[in-house]
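The structure under discussion appears below in the form of structure tokens.
The values are calculated or read from the model by the stated rules, or taken from the named source; none is laboratory data. All of these numbers come straight from a predicted model, not from anything done at the bench. As a convention, Cβ positions derive from the backbone with ideal geometry for all residues, glycine included, and neighbour counts pool all protein chains shown. Surface areas here come from the heavy atoms of the whole protein model, side chains and all, with no ligands, DNA or RNA. Shrake-Rupley method; radii C 1.70, N 1.55, O 1.52, S 1.80 Å.
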Amino acid sequence: MISIDNLAVEFSGSTLFSEVSFVINPTDKIALMGKNGAGKSTMMKIIAGETKPTKGAVRSPEDTVIAYLPQHLLTDDDSTVFEEAAKAYKHIFKMQAEMDALNKELETRTDYESDAYMKIIEKVTELGEKFYAIEEVNYDAEVEKALMGLGFRRDDFTKLTSEFSGGWRMRIELAKILLQKPDLILLDEPTNHLDIESVVWLEDFLLNKAKAVLVISHDKAFIDAITNRTIEVTMGKIYDYKANYSHYLTLREERRAQQIKQYNEQQKVIADIQGFIDRFKGTYSKTNQVNSRERMLEKMTIIEIDEMDTSSIKLRFPPAPRSGDYPVTVLDMSKAYDDHVVFRDANMSISRGERVSFVGRNGEGKSTMIKAIMGEIDFEGKCELGHNAKVGYFAQNQAALMDPDLTVFQTVDMVAEGEIRTQIKNILGRFMFSGDTIDKKVGFLSGGERTRLAMVKLLLEPVNVLILDEPTNHLDIKSKEVLKEALMDFEGTLILVSHDRDFLKGLSKKVFEFKEKRVIEHFETIDEFLVRNRVESLKALG
């Protein structure tokens, strides 16, 4: 059991949160929720021992193992993928090496009666008790299972970690954490760099093999599937619910309705008291009663209402000219990088107004296909946009293409047309830009902020073909809902690549699966595809 006792964090005189206390039990699966800036990541870092609180402490039994997925990766550039993941067992390997060295020393020594000899025997015995108490495990098989579950192939195992992108190196760190089988796993946005199949595998692992888990995530389907408890950080304090995310939302609304009722009743009492004071102030015979009521007001603790949900703003894509019957056509298309074939003989025909999802493990060619459609890469075969196709394209590097010298407001103002221009500040606020941030230059924004701004910009452009490659990675749940509502109302053609199942739900009627160098067309929704593939995927992933 891990106890969080009276935590408080203060920055430059302002309090992030205070008097926060809760207990993490051995089998708890907890979602840590709250708006951006509420202090979720800070609290997680404190529990991980990465950051010190201003006040309070985190207490746990001496041998408790807490594993945290760090923001800054720790992989060694001189190690292979397999070697790096196997470091999860380094404490066991070190123990075994130490036992072997001590046993060898005992074989060569002859001072059987000496204190030094007896100390070696005691040390070997102590280490042996610990070592043989550990469940016997085929470490190589476990490392292989974890790496393949998280999307690596066997031929990746011998490659150096330096050959992989940040997202893949994050997966290696995640594999190391899962292999340690810690008492508590702390995960901050673990699904951002995972494909759907890997997210399904991670869910299965956390549900069936992990002990306690504390997770921060904007992936609603993921946290609903794995959590049985929700802790909300809001306005400097926490609320603890024995419920998953969806149930928590219902309970939170009930709590807020109760707060509003109590607040209104209190305001009525305050108005009555203040009315008495104003009426009889200066009346000698009422002096004691006036003073008493003034003291009553001073001592009264005003009921606070939780932060308002500002997501009610509704966005609609501006009207765009009608495209031809088939905005995207691919015929016998193949793509290879030197000897590496991404896919061959791919065919797809996407008709006007159709909504499709591209699914498949990372590296199978989803983003490559999108780059081919956009004319960004060479390929064999045919791939073309249809008559009058006006394409809105969101890719991870899209954020880097914005003018760094423009402010956030100017960037959006340049593309907004008509009545929507009067709502620019509200729209930016919904995507977590408010106050002085809207006057910040794009060049000074973080990667996540740039991604959100690129999404706002895209939402305001008149297009009839939308191509979105992992659009939700840096959006909170409310921002994703705003985007999804806009996409549901979008009358053009939609191509989506996303690992976020809740976001995809209801958005596409056809699935193109990228698998084993092929592109396979499925006439089914993403939900139907996942239900059909889940059992097979879990078996295949181990």
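Values computed for the structure shown
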read-out: Per residue accessible area of region 282-435, 1.4 Å probe, in Å²; value: 57 Å²
read-out: Over the chain: helical MRE at 222 nm, DSSP H runs n ≥ 4 each giving -39500 (n - 2.57), nearest 500; value: -12500 deg cm²/dmol
read-out: Charge-dipole axis of region 428-542 as Lys and Arg at +1 and Asp and Glu at -1 on Cβ define it, positive-most pick from Leu530, Leu494, Asn464; value: Leu530
read-out: The chain, dipole about Cα centre (Lys/Arg Cβ +1, Asp/Glu Cβ -1), debye to the nearest 20; value: 2240 debye
read-out: Area projected by the alpha carbon convex hull of region 102-207, averaged over all directions, nm²; value: 10.0 nm²
read-out: Principal axis dimensions, region 348-405 - Cα atoms, whole angstrom, descending; value: 40, 31, 24
read-out: Accessible area in square angstrom per residue, region 445-497, 1.4 angstrom probe; value: 24 Å²
read-out: Cβ-placed point charges (K, R +1; D, E -1), dipole of region 314-358 about Cα centre in debye, nearest 20; value: 540 debye
read-out: Packing-based ranking, highest mean first, of 56-67, 517-528, 491-502 given that Cβ atoms within 10 Å are counted; value: 491-502, 517-528, 56-67
read-out: Charge dipole (the chain, unit charges on Cβ, about Cα centre) - positive-most of Leu150, Gly39, Val330; value: Gly39
read-out: Total charge dipole magnitude, region 45-196, about the Cα centre, Cβ charges on Lys, Arg, Asp, Glu only, Debye to nearest 20; value: 640 debye
read-out: Normalised alpha carbon radius of gyration of region 18-163 [divisor 2.2 N^0.38 Å]; value: 1.46
read-out: Residue-normalised accessible area of region 1-79, given per residue in Å² at a 1.4 Å probe; value: 55 Å²
read-out: Taking the C-alpha atoms of region 303-456, convex hull volume expressed per residue in Å³; value: 176 Å³
read-out: Translational diffusion of region 402-447, µm² s⁻¹ [Kirkwood Rh, Cα pairs; Stokes-Einstein; 25 °C; 0.890 mPa s]; value: 228 µm²/s
read-out: For the chain, convex hull volume per residue from C-alpha positions, Å³; value: 212 Å³
read-out: Nonlocal amide H pairs with Asp188, under 5 Å, H built at 1.01 Å; value: Leu69, Ile216
read-out: Bins of 5 Å, starting at 0 and running to the largest distance - Cα pair percent for region 232-294; value: 4, 15, 16, 13, 10, 8, 9, 9, 8, 5, 3, 1
read-out: q = 0.12, 0.15, 0.16, 0.20 Å⁻¹, region 411-485: log10 I(q)/I(0) [Debye, one scatterer per Cα]; value: -0.31, -0.50, -0.57, -0.92
read-out: Per-selection Rg to Rh, region 214-322 - Cα, Kirkwood hydrodynamic radius; value: 1.24
read-out: Positive-end residue, region 65-212 charge dipole about Cα centroid, Cβ charges, pick of Ser162, Ala141, Leu174; value: Leu174
read-out: Which listed pairs, of Lys52/Lys211; Lys45/Lys457; Lys484/Lys510, have C-alpha distances above 28 Å, in listed order; value: Lys45/Lys457
read-out: Globularity ratio of region 483-524, using Cα Rg and 2.2 N^0.38 Å; value: 1.28
read-out: Debye log10 I(q)/I(0) at q = 0.10, 0.19, 0.21, 0.24 Å⁻¹ for region 359-438, Cα point scatterers; value: -0.41, -0.97, -1.04, -1.17
read-out: Kirkwood hydrodynamic radius of region 315-364, from inverse mean 1/r over distinct Cα pairs, in Å; value: 13.7 Å
read-out: Accessible surface of region 150-258, 1.4 Å probe, proportion on carbon and sulfur as whole %; value: 50 percent
read-out: Cβ crowding within 10 Å averaged over residues, with 102-114, 478-490 ranked highest first; value: 478-490, 102-114
